[in-house]
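S.K.: There's a structure below that I have some questions on.
The values are calculated or read from the model by the stated rules, or taken from the named source; none is laboratory data. Just so it is clear, the structure is predicted and the values come from calculations on it, not from any experiment. In case anyone asks, the SASA skips ligands and DNA or RNA and just uses the protein heavy atoms, side chains included. Shrake-Rupley method; radii C 1.70, N 1.55, O 1.52, S 1.80 Å.
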Amino acid sequence: MRIAIVEDEYLASDYLKSILEQQDILQIAEITVLKSVKEAVVFFSENNVDLAFMDIHLGDGKSLEIFEKATIACPVIFVTAYDSYAISVFKHFTIDYLLKPFEEQELLEALTKFKKIKDSFNADATLQSLVAIENPETNKIQRHFLVNHGYKLISINESDITFFAASGKHLFIYVKSGNSFLYNSTLTDIINSLDPFLFFKVNRKYIVSRHIIKEVIKHSHQKIELILTVPPIENDPIIISKKEITNFKNWLDQ
């Protein structure tokens with residue numbers, strides 16, 4: 001197994017490298033340390049690795065620039081000192097993160113997690129997390145949703161929402177009372193405005209609130225069904241998209 005460390009602080013990269021060399025969870029053949037965006041872009045343009053550790057801020061730029069200039073198909077574990085919102089984004093989209101300063105046991109737990117779920121890794125999610133972090137103004141969490149109800153305008157609080165559902169070209173907000181309201185958006189757009197800890201887009205039809213999940217039924221390795229505390233549209237079963245199963249498990253584990 002080949003691993004890359006993208007870190008501009010010598011002490012941080014040396015500490016991480018030393019633990020990786022001594023652990024026995026993964027069999028590592030080679031560890032490459034990259035100290036800048038420039039080095040990383042050149043390296044990933046010509047090489048593939050099985051796992052990368054990456055700091056968000058480097059001396060000559062941000063990690064997002066690496067993804068924009070080179071193809072990184074491997075899982076990434078972020079090593080960061082970011083705030084709680086950023087951490088919630090990382091937990092939602094990526095295999096794991098390490099919050100500086102981290103202990104050896106935290107790294108070992110991340111490696112164990114990687115070993116279990118590496119085969120179902122979704123590369124697009126890593127880039128999505130970086131975009132969310134690096135563009136905070138476009139990713140402010142929306143707490144209230146203004147809808148039409150007859151001759152009235154109603155502001156729905158996020159805490160009252162059970163799920164968002166797509167029906168044809170329309171998006172509906174369902175609330176605890178059982179009522180639904182037409183909302184002028186799409187699942188793809190609205191998910192970027194929601195609290196990533198509270199809501200998850202399970203497939204192309206549903207975004208659900210964690211508070212209404214009653215049971216998670218595992219029919220098979222690649223078929224997981226959600227049972228909610230409220231009935232879904234037309235009582236159709238809610239099946240999690242195969243590519244989102246790993247991300248969903250990480251989300252529930254927060």
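S.K.: Of all residues in the range 148-198, which are hydrophobic (A, V, I, L, M, F, W, C) and either open to solvent by 60 Å² or more (accessible area, probe 1.4 Å) or not in a strand (DSSP E or B) (or both)?
M.R.: Once the filter is applied, which keeps residues that are hydrophobic (A, V, I, L, M, F, W, C) and either open to solvent by 60 Å² or more (accessible area, probe 1.4 Å) or not in a strand (DSSP E or B) (or both), the range 148-198 yields 153, 182, 187, 190, 191, 194, 197, 198.
S.K.: I would also like to ask the following. Identify all residues within the range 62-104 that are at pLDDT below 60 and basic (Lys, Arg); write none if there are none.
M.R.: Within the range 62-104, 91 is the sole residue that qualifies.
S.K.: Something else: Is it the case, given these coordinates, that residue 107 is part of a helix (DSSP H, G or I) and modelled with pLDDT of 90 or more?
M.R.: yes
S.K.: How many residues, within the range 11-57, are open to solvent by 50 Å² or more (accessible area, probe 1.4 Å) and farther than 19 Å from residue 74 by Cα?
M.R.: 7
S.K.: Does the range 227-244 contain at least one residue that is among the small types (Gly, Ala, Ser), outside any loop (DSSP other than H, G, I, E, B) and open to solvent by less than 60 Å² (accessible area, probe 1.4 Å)?
M.R.: no
S.K.: Hey, can you tell me all the residues within the range 53-71 that are outside any loop (DSSP other than H, G, I, E, B) and hydroxyl-bearing (Ser, Thr, Tyr)?
M.R.: 63
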